[in-house]
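So the structure is just underneath, and the comments pick up after that.
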Amino acid sequence: MNFERRPFYLSKIKTKLFQPRPTWQKNLIVLWFGTFMAGIGFSLVMPFMSLYIDSLGSYSNQQLNFWSGITFSSTFLITAIVSPLWGRLADQKGRKLMLLRASLGMAIVISLMGTVGNVYQLIGLRLLQGVFSGYISNATALVATGTPREKSGQVLGTLATGAVTGNLLGTLVGGVTASVFGYRPTFFITGSILFLVFLLSLIFVHEEFTPVEKKDMLPAKEIFHTLKYPHVIIGMFVTTLIIQASNNSISPIISLYIRQLMHNHGNITLISGVIASIPGIATLIAAPRFGRLGDRIGSEKVLGIGLIFAMLVFLPMSIVTNVWQLAFLRFLVGISDACLLPAVQALITKYSPQEAAGRIFSYNQSFQAAGNVVGPMIGSSVSSLFGYRGVFVSTSALVLTNYLLVHHNTKEIARNYHPTQETH
């Protein structure tokens, strides 16, 4: 390397890092980290939650499965119920206020989980965690309403990598952290990081927002009547539910399937954590690229391609013979994920009014949370009837259903799409 040119490269890097940025870019950087940590906060406890519950009392296997199921699903059930309420308040008071409520609330509640003495207290705090949900949906709404419309696909694709990779890598981080520090300190560490998210959101996120009087807000029914393509927005809600259900249908059986493939030998816990987190790496790499592609050819086309690809990836998982084949297919799942939720969010942004963004994205979060509940129920039911391999076949069928639904709901906008069009 020519050392005389090194100051030039350093100067170029420094200029790139510290160049003046528009507000939407600054918000994107801070909120990417915030959504990443919020995703980790939701998924970090998953690898050891059942073990933590087991340490809180003396339970039979049947009782442990019951309490684990209740503890897992309680947060998402409450999230599905309260999200529209927070979304309405976000449209009335501003999205930044909702970011602060969610991040501070999660920081406190998750820290308290490390102090519980019985499973009832833990379930109560998991319910309360659902009440303080909404960081990711409000971050999405804030970024979507502040970003130039022609860049929305790329920007929302980038932002989506934060939540998606946080959720997927959280399982790995949680397993490692719990093994090093123990169960209870892991909750305190997560709470501290979420408090840092609160401070960063408070100081560095800027929103230009004029409060709306309650009497001046349009009812949700009227909002949907004013939409140019209401069937697209409602269809995206259902699509989000099915995407989440498809991705989470294998959650209850993935470690058991890996144990079967490894013939009950080796470090099954570690391998399960690694394979569960692999899609996050692929999503992190691919999502911004697919976002840019969506801006060029239409997000509905990227969404359709992603669903076809997901169907083709889930199906061969049912016939793998070793964990390395499963790991490779899980990496491809991450690529399909990079097409899906960012494209859904871009379509919602492009075809809904900015003044109702908080409510629209909160409805979408409700459907997303419902998918998080429905998916594991489908996986558990199918695996009990047809075995672990049957779950992957049923998931492929679910994705096919979703593709047909998306094709039906978006065929009109696909015909009329132009890269520079204004949608409302």
For region 96-109, 3J(HN,Hα) per residue [Karplus equation, 6.51 cos²θ - 1.76 cosθ + 1.60, θ = phi - 60°, Hz, x = Gly/Pro]: 4, 4, 5, 4, 5, 4, 5, 5, 5, x, 5, 4, 6, 5
Rounded Å value of the spacing that divides the Cα centres of region 167-213 and region 321-342: 26
Whole-Hz couplings from phi, Karplus 6.51/-1.76/1.60, listed for region 128-138; x for Gly and Pro: 5, 4, x, 4, 8, 6, x, 5, 5, 5, 6
Cα-centre dipole for region 156-264 with unit charges at Cβ (Lys and Arg positive, Asp and Glu negative), debye to 20: 380
Accessible area per residue in Å² at 1.4 Å probe, computed on the chain: 45
Helix-only mean residue ellipticity at 222 nm for the chain, each DSSP H run of n ≥ 4 adding -39500 (n - 2.57), per residue, nearest 500: -27500 deg cm²/dmol
Quotient of Cα Rg and 2.2 N^0.38 Å for the chain, N being how many residues it contains: 0.98
Of all accessible heavy-atom area on the chain, the percent that carbon and sulfur account for (1.4 Å): 67
Principal-axis tilt of helix 357-386 within the chain, Cα atoms, nearest 10 degrees: 30
Between 0 and 90°, nearest 10: helix 23-43 axis offset from the chain longest Cα axis: 20
Rough spin-label spacing in nm, given labels placed 7 Å along Cα→Cβ, for His225 and Asn267: 6.2
Mean Cβ neighbour count within 10 Å, used as a protection proxy, ranking 183-195, 365-377 highest first: 365-377, 183-195
Directionally averaged projected area (convex hull, Cα atoms, region 258-316), nm²: 4.9
Unit charges on C-beta of K, R, D, E only; dipole of region 49-134, Debye: 440
Relative contact order [Cα under 8 Å, 6+ residues apart], the chain, whole percent: 26
28 Å Cα-Cα threshold exceeded, pairs from Lys93/Lys151; Lys96/Lys301; Lys228/Lys301; Lys151/Lys301; Lys26/Lys228: Lys96/Lys301; Lys26/Lys228
Whole-Hz couplings from phi, Karplus 6.51/-1.76/1.60, listed for region 342-354; x for Gly and Pro: x, 5, 4, 5, 5, 5, 4, 4, 6, 10, 9, x, 5
For the chain, with +1 on Lys and Arg beta carbons and -1 on Asp and Glu, the positive-most of Ser394, Gly69, Ile29 along the dipole: Ile29
Label-zone membership for region 158-189, site Arg21, 7 angstrom Cα→C-beta point, backbone N under 12 Å: 159
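The values are calculated or read from the model by the stated rules, or taken from the named source; none is laboratory data. Nothing here was measured: the structure is a model prediction, and the numbers come from that model. For neighbour counting, all protein chains shown are included, and Cβ atoms are generated from backbone atoms with ideal geometry for every residue, glycine included. Accessible surface is based on the protein model in full, side chains and every heavy atom, while ligands, DNA and RNA are left aside. Shrake-Rupley method; radii C 1.70, N 1.55, O 1.52, S 1.80 Å.
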